[in-house]
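J.: Below are the structure tokens for one structure; questions will follow.
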Amino acid sequence: MAYTVALLYPERVFRLGALSAFMPEGAEVIALREPMRSKPAFVAHGIFDELVPLAMAHHAVEVLEQAGAVITYCENEVGHKLGAGCFSTFEGFFNSYQGLSDDDFVQNR
């Protein structure tokens with residue numbers, strides 16, 4: 001769901017965090033417009049995830065890059081959950097943008 005909102009309504013998204021998620025079908029076409037240009041995006045995935053295969057996370061990263069996002073990617077040796085290593089990276093990702101506003105990023109309105 002986070003990917004869909006970020007791609008369709010980028011003006012409502014300051015930064016994106018996606019955990020064990022997959023990109024919706026057809027997102028590649030929307031990504032061509034670069035709706036996430038210069039916006040930070042965090043993607044974390046467990047390499048043993050049986051619910052959402054790791055290849056789907058890699059595809060999501062490719063689509064987000066095409067959409068112009070600045071990616072922070074993390075993998076852990078876990079299933080369909082956030083591992084301790086990625087949790088720390090996730091926390092750092094959000095803490096690094098504290099105090100910034102939408103005006104600090106290129107907007108696509």
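J.: Output the number of residues of the stretch 1-33 satisfying the condition of being surrounded by fewer than 16 Cβ atoms within 10 Å (Cβ to Cβ) and in a loop (DSSP other than H, G, I, E, B).
T.: Summing the residues that are surrounded by fewer than 16 Cβ atoms within 10 Å (Cβ to Cβ) and in a loop (DSSP other than H, G, I, E, B) in the stretch 1-33 gives 8.
J.: Kindly list, by first and then second residue, each pair from a residue in the stretch 2-14 that is over 11 Å from residue 69 (Cα atoms) to a residue that is of a type in the set (Gly, Ala, Ser) and surrounded by 14 or more Cβ atoms within 10 Å (Cβ to Cβ), limited to pairs with Cβ atoms under 6 Å and residues at least 6 apart or on different chains.
T.: Taking only residues 6 or more apart or on different chains, the pairs are 2/18; 13/6.
J.: Going by the structure shown, is residue 92 modelled with pLDDT of 90 or more, loosely packed, with under 15 Cβ neighbours inside 10 Å and not in a helix (DSSP H, G or I)? I'd like the intermediate steps shown before the answer.
T.: Details: modelled with pLDDT of 90 or more: yes; loosely packed, with under 15 Cβ neighbours inside 10 Å: yes; not in a helix (DSSP H, G or I): no.
No, not satisfied.
J.: For the stretch 38-51: of the residues being surrounded by 17 or more Cβ atoms within 10 Å (Cβ to Cβ) and not acidic (Asp, Glu), which is farthest from the chain's Cα centre (by Cα)? Can you show your working first?
T.: Of all residues in the stretch 38-51, those surrounded by 17 or more Cβ atoms within 10 Å (Cβ to Cβ) come to 39-46, 49.
Remaining after also requiring not acidic (Asp, Glu): 39-46.
On the way: 39: 10, 40: 8, 41: 4, 42: 4, 43: 4, 44: 8, 45: 11, 46: 14 Å.
The residue in question is 46.
J.: Among the residues of the stretch 52-72, which ones are part of a loop (DSSP other than H, G, I, E, B) and surrounded by 20 or more Cβ atoms within 10 Å (Cβ to Cβ)?
T.: 67, 69
The values are calculated or read from the model by the stated rules, or taken from the named source; none is laboratory data. Computed from a prediction, not measured in an experiment: that's the story for all the values here. Virtual Cβ from ideal backbone geometry, glycine too; neighbours counted across all protein chains shown.
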